[in-house]
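Novice: Okay, handing you the structure first.
The values are calculated or read from the model by the stated rules, or taken from the named source; none is laboratory data. Not measured: the values here are computed from a predicted model. Cβ: placed from backbone, ideal geometry, glycine included. Neighbour counts: every protein chain shown.
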Amino acid sequence: MGNPQTLSLFQKSSRIIVTCKKRLSSYLKQEIEELGLMPERMFTTGVELHGTMQDCIKLNLNLRCASQVLFSLEKFRATNPEEVYTKLLYYPWETLISEDGYISVTSNVDNFTVNSDLFMNVKVKDAIADRIRRETSKRPDSGPDLDHTVINLYWKEEDAEIFLDTSGHTLAKHGYRKVPGKAPMLEALAAATLMASKWDLKSPFVNPMCGSSTIAIEALLLATKRRPGLYRNNYSFMHVKGYEKNMYETEFKKIKEEVIEVPGLKVIATDLSEDAIYVSKINAAEAGVESLMEFAVCDFESTQMPSDPGIIYFNPEYGERLGEISELEETYARIGDFMKKKCQGYTGYVFTGNLDLAKKIGLRASKKIEFYTSQIDCRLFEYEMYRGSKREVRAPQKQIDNRQ
């Protein structure tokens, strides 16, 4: 795998793979471009680019839709686990990992000689530890914790690549949600659905049936440019030889200074459950935005809608049992009636994993945007709630069409 390397990892550039959940890669690509970096390839669960470890630090602190930021160390060919072990034994791990450090290994393996990713995790860990012990007479500790140095193996058929996972714990959780509540939406997914919406980050944002308020909080974080890196202070890149604290502090200072105020912004979260609103306030306080939100305990039909139109966003339950489905059919129908009667001028959104229930809303969606949550095929339905009748709004266009 090459000669022992004398350059610090922080002095090199390499291939970077930023992973994400299914159907989030287009939003992730947009985020990366907004940071001034150049994606080279987008695929189902991630984006590829070329950059440095300093770029990885920037990505880790800024990205809302990402899961992991992987920095490529070496590519090689291998036909079986012993070949992987042998190849990794030649990599100069002692220049990357301290002999009194701690390593954990993750992997994504698709090779007919291996039945378990866990088996390869152990194989990779053994190669790293054996190499460091050979060079330093000591070996680092290892285990499943992801809060120190994390190494990732990608191995498909005979193509293998070893990465430094610069993130450690997933970036998809943004760090402020101390009390998750019932069936909460993953923060990265919530952020992506907001990016997919037509919200201008200034008009009112109303989130009835808010649960633990992940959606409403993420809306405020977007509007005020609060980045996920504000809520976390430990990443895998901090546990690599050559890391200097100022590398992180420079990027942290940037995201702290980017936070803005949005005068007059209304973000409203309501729920029938007092517990849900209690949990919402705890999470909003952790995110530093509790004072910027309005909360109310009420049925969604009693939500006070601002007169200036904006966005109304529902994330109702999907239902699993027959009795629940029957009850939820009525709820979805009520959501449709509420948007039609009380939300004129607004753009409405309903995120659901039950496409049959969505039909009960009784409104024609202008968009059906595809997402996943866990393994559930979901849609973000968009509804344009016109003031007056839709016929009146579209009349001028029809006149133009008739003249052609």
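Novice: Name the residue that is surrounded by the most Cβ atoms within 10 Å (Cβ to Cβ), counting only residues in the stretch 189-245 that are under 21 Å from E34 (Cβ atoms) and charged (D, E, K, R).
Specialist: It comes out as E218.
Novice: Moving to a separate point now. Out of (1) in contact with a helix residue (DSSP H, G or I) (Cβ under 8 Å, 6 or more places away or on another chain); (2) polar (S, T, N, Q); (3) surrounded by fewer than 22 Cβ atoms within 10 Å (Cβ to Cβ), what's the single condition that is false for N115?
Specialist: (1)
Novice: For the stretch 102-116, what are the residues that are in a loop (DSSP other than H, G, I, E, B) and either of a type in the set (D, E) or out of contact with any strand residue (DSSP E or B) (no Cβ under 6 Å at 6 or more places or on another chain) (or both)?
Specialist: Matches in the stretch 102-116: F112, T113, V114, N115, S116.
Novice: Being touching a residue at least 12 places away in the same chain (Cβ under 8 Å), within 30 Å of V262 (Cα to Cα) and touching a His at 6+ places or on another chain (Cβ under 9 Å) narrows it down to one of A196, A188, A192, so name that one. Write out each step before concluding.
Specialist: Numbers: A196 fails: touching a His at 6+ places or on another chain (Cβ under 9 Å); A192 fails: touching a His at 6+ places or on another chain (Cβ under 9 Å).
Selected residue: A188, the only one of A196, A188, A192 that is touching a residue at least 12 places away in the same chain (Cβ under 8 Å), within 30 Å of V262 (Cα to Cα) and touching a His at 6+ places or on another chain (Cβ under 9 Å).
Novice: Regarding I217, is this residue in contact with a helix residue (DSSP H, G or I) (Cβ under 6 Å, 6 or more places away or on another chain) and at negative phi? So that I can check it myself, show each step before the final result.
Specialist: Numbers: in contact with a helix residue (DSSP H, G or I) (Cβ under 6 Å, 6 or more places away or on another chain): yes; at negative phi: yes.
Spelling it out, I217 is indeed in contact with a helix residue (DSSP H, G or I) (Cβ under 6 Å, 6 or more places away or on another chain) and at negative phi.
Novice: Among residues belonging to the stretch 180-234 that are within 13 Å of the chain's Cα centre (by Cα) and in a loop (DSSP other than H, G, I, E, B), point out the one that is modelled with the lowest pLDDT.
Specialist: M185
Novice: Follow-up. Would you mind listing the strands (runs of 3 or more DSSP E) fully within the stretch 292-404 where at least 3 residues are of a type outside the set (A, V, I, L, M, F, W, C) and either modelled with pLDDT of 95 or more or not assigned by TED's automatic domain parsing to the domain that holds D271 (or both)? Outline the logic, then answer.
Specialist: Values: elements: 293-297, 311-314, 347-352, 367-373, 376-384.
Result: 347-352, 367-373, 376-384.
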